[in-house]
Amino acid sequence: MDAIDLGFYRHDGHLTVNGVFGADEMDAVVRDIEQWGEAFLSRLPQSQRAWYLDGGVKARAVLRKLDNPHVHREAVRALARDPRLVRHVESVLGAGVSVYFSQIFFKAPEGGGPKPAHQDNFYFGPTDIDGVVTAWIALDDATLENGCLYFGDGSNVGPVYPHFAPEGEPFNLQLPAAVLGGQPMTPAPVKKGGVSFHHGNTFHQSGPNHSMKWRRACALHYVRNDVEFATPALPYDTALKFKAS
Ligand SMILES: O=C(O)CCC(=O)C(=O)O
């Protein structure tokens with residue numbers, strides 16, 4: 001297996017590696033996540049619906065995301081410690097890495113909503129801005145039509161900017177238009193089983209799903225084992241940190 005192109009990653013702040021996992025492996029994870037999602041949705045209290053449901057799909061209640069699948073599902077822990085993935089993460093961060101936080105992003109067909117531009121390091125507030133990399137695993141093909149990620153090339157070398165949250169959505173922290181103005185955003189389609197890596201400072205966002213197909217992904221937010229989180233913008237439970245190597 002080829003080594004990750006570190007020069008590209010450090011210059012652009014993101015990198016896509018296709019074929020890390022097989023399509024059949026992704027299907028098995030999707031089946032497991034669907035089961036979990038159904039049970040989760042049936043128990044979801046009214047007070048948490050705004051956080052978890054996709055506001056873009058009006059006809060039915062569908063999940064936008066699930067938090068910390070690495071805590072709840074062995075199938076995701078297996079991905080998190082898989083040497084085919086960890087070797088790439090370690091070549092970016094150095095030896096000894098953990099998953100600090102993880103998310104399943106569902107983005108349902110015909111309306112799954114966009115995710116506004118943000119920097120993961122604003123959410124997490126790490127003691128070393130270069131100590132965090134997100135491995136975004138494509139559980140389906142992610143395309144321009146179904147809402148792939150877009151990245152601000154080179155924004156990884158800039159600062160972490162203040163974010164704002166719209167009224168009633170304290171979880172939806174995002175970069176202000178004044179910061180985003182001069183930053184072109186490059187689409188990054190990924191094949192099912194591929195992984196898109198991004199630096200914690202890299203601006204990124206995703207579009208709405210205009211297609212008839214799901215765009216599901218599992219985001220594993222890795223951190224080098226010596227990094228701590230001094231200024232998190234949301235409450236993260238450090239006890240859930242999972243040592244992958
Ligand atoms: O999948 C998405 O739409 C958003 C992903 C994201 O923000 C992340 O992985 O950090």
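The values are calculated or read from the model by the stated rules, or taken from the named source; none is laboratory data. Fair warning: this is a prediction, and the values are worked out from it, not measured in the lab. So basically every Cβ, Gly included, is an ideal-geometry build from the backbone, and we count neighbours across all protein chains shown. Areas reflect the complete protein model, heavy atoms only, side chains present, ligands, DNA and RNA absent. Shrake-Rupley method; radii C 1.70, N 1.55, O 1.52, S 1.80 Å.
Neighbours of Thr127, meaning other residues whose beta-carbon lies under 13 angstrom from its beta-carbon, give a summed charge of -3 when Lys and Arg score +1 and Asp and Glu score -1.
Per the 1.4 Å probe, what fraction of the accessible area of the chain, in percent, lies on carbon and sulfur atoms? Reported share for carbon and sulfur atoms: 55 percent. Residues in the stretch 194-206 carry Karplus couplings, in order, of x, 10, 9, 9, 9, 5, x, 8, 5, 4, 8, 7, 9 Hz; the curve used is 6.51 cos²θ - 1.76 cosθ + 1.60 with θ = phi - 60°, and Gly or Pro positions show x.
Relative contact order of the stretch 141-245, taken over Cα pairs closer than 8 Å and 6 or more residues apart, is 40 percent.
With all protein chains kept in place, the per residue accessible area of the stretch 6-243 amounts to 43 square angstrom at a probe of 1.4 angstrom.
Taking each of Lys58/Lys213; Lys107/Lys241; Lys58/Lys241; Lys107/Lys243 in turn, the alpha-carbon distance tops 24 angstrom for Lys107/Lys241; Lys58/Lys241; Lys107/Lys243. Neighbours of Asp32 by Cβ distance under 12 Å: Lys/Arg scored +1, Asp/Glu scored -1, total -1.
For Ser211, the residues 5 or more places off, or on other chains, whose built amide H falls under 5 Å of its own are Glu110, Gly111. Working note: Karplus 6.51/-1.76/1.60 with θ = phi - 60° gives the stretch 228-242 the couplings 10, 10, 7, 9, x, 7, 10, x, 10, 9, 5, 5, 8, 4, 10 Hz, where Gly and Pro are set to x. The relative contact order of the stretch 1-131, computed from alpha carbon pairs under 8 Å that lie at least 6 residues apart in sequence, is 25 percent. Please build a GNM for the chain, connecting alpha carbons under 10 Å apart, and tell me which residue among Ala75, Ala233, Ala178 fluctuates the most. Taking springs between Cα atoms under 10 Å, the residue moving most is Ala178. Contact order for the chain, expressed relative to its length and based on alpha carbon pairs under 8 Å spaced 6+ residues apart, stands at 33 percent.
Summing Lys, Arg as +1 and Asp, Glu as -1, what charge do residues with Cβ under 13 Å from the Cβ of Met212 carry, Met212 excluded? Intermediate values should be presented prior to the final figure.
Details: positive: Lys107, Lys213, Arg215; negative: Glu110, Asp140, Asp141, Glu145.
Net charge in that neighbourhood comes out at -1.
Among Gly200, Gly147, Gly22, determine the one that fluctuates most according to a GNM of the chain built with springs between C-alpha atoms less than 10 Å apart. Among Gly200, Gly147, Gly22, the largest GNM mean-square fluctuation belongs to Gly22.
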